[in-house]
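This report refers to the structure that appears directly beneath it.
Readers should treat all values here as calculations from the given coordinates under stated rules, not as data from a laboratory. Every value quoted in this text rests on a predicted model; they were computed, and no experiment measured them. Here the Cβ positions follow ideal geometry from the backbone for every residue, glycine too, while neighbour counts run over all protein chains shown.
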Amino acid sequence: MAQVPVMNAAGKEIDKVTLPADIFEVEVNVGLMHQAFVRQMANARQGTNSTKRRGEVRGSTAKIYRQKGTGRARHGARTAPIFVGGGQAHGPKPRSYEKDMPKKMRRGAIRSALSALLRDEQLVIIDKFGIDQPRTKDIKQILQALTGGENALVLFTEGSENIQRSVSNLPKAQALRANYLNVRDLLQYDKVILPLDALDVIVSIWGTQKEGATNA
């Protein structure tokens, strides 16, 4: 189990915390994370794009000129795809882009992402934010003290909506509930800020003991 420093809102180390190895020290599987990312992006697509084929556009189906003697190619209707206003050849139709992925693989992808963040020193543990009311200025100062910038994913728990509202005005930061962890958000920011209460939520959801209890 890895011991990592716990920072306060001023960016000073005040303690250490032991992170469970079954979540934060697993072998990083890049291929598994990529598969989870592709699945997440595919499942976010609406799949509502639609074009009209030649049988769906409005237009006469009468033969536009005689078959022979014109020196031109044979055509039967103006709705053919080669004419302006004709149908779309092989155009998109509404469809589902949904991809499936076994639960064990999804859980493994999240653990790989968390382990990669810890390995690359992108995970910052904080005791608490101490924000009693939503103020963008306060959260900006905290992020500057912890990371030296604003490109960060801030995890929070239920009842900490002040954090979410404070982060929402920062263009390079995002707030995410700890029980909504996903590979895309974990890997697209320079730093991930993890309060201790959010850490408890992650351990309760993504730990192997929880998985064993679920399978039982």
*Could you list 83, 129 in order of exposure, starting from the residue whose Cβ has the fewest other Cβ atoms within 10 Å?*
83, 129
_I want to verify the translational diffusion coefficient of segment 100-168 in µm²/s; compute it with Stokes-Einstein, Rh as the Kirkwood radius over Cα pairs, at 25 °C and 0.890 mPa s._
177 µm²/s
*Just need the relative contact order of the chain here, percent rounded to a whole number, with Cα pairs under 8 Å and 6+ apart.*
23 percent
_List the aspartates and glutamates whose Cα sits under 12 Å from the Cα of residue 137, skipping any in the same chain fewer than 8 residues away._
150
*asked:* On a straight-distance basis, which lysines could pair with residue 63 in a cross-link, Cα separation under 25 angstrom, same-chain partners fewer than 8 positions away excluded?
replied: 52
*State to the nearest 20 debye the size of the charge dipole of the chain about its Cα centre, where the only charges are +1 on K and R beta carbons and -1 on D and E beta carbons.*
2720 debye
*Please give every one of the lysines within straight-line cross-link reach of residue 12, meaning a C-alpha to C-alpha distance under 18 Å, and leave out same-chain neighbours fewer than 8 residues apart.*
128, 140, 191
*What fraction of the DSSP beta bridges in the chain is antiparallel, stated in percent and rounded to the nearest 5?*
30 percent
*Translational diffusion coefficient (Stokes-Einstein; Kirkwood radius from C-alpha pairs) of the chain at 37 °C, 0.692 mPa s, in µm²/s*: 156 µm²/s
*Calculate how large, on average over all directions, the projected area of the Cα convex hull of segment 47-96 is; give the answer in nm² to one decimal.*
3.9 nm²
*Mind ranking 40-52, 106-118, 17-29, 57-69 by how tightly packed they are, going by the mean number of other C-beta atoms within 10 angstrom, highest first?*
106-118, 17-29, 40-52, 57-69
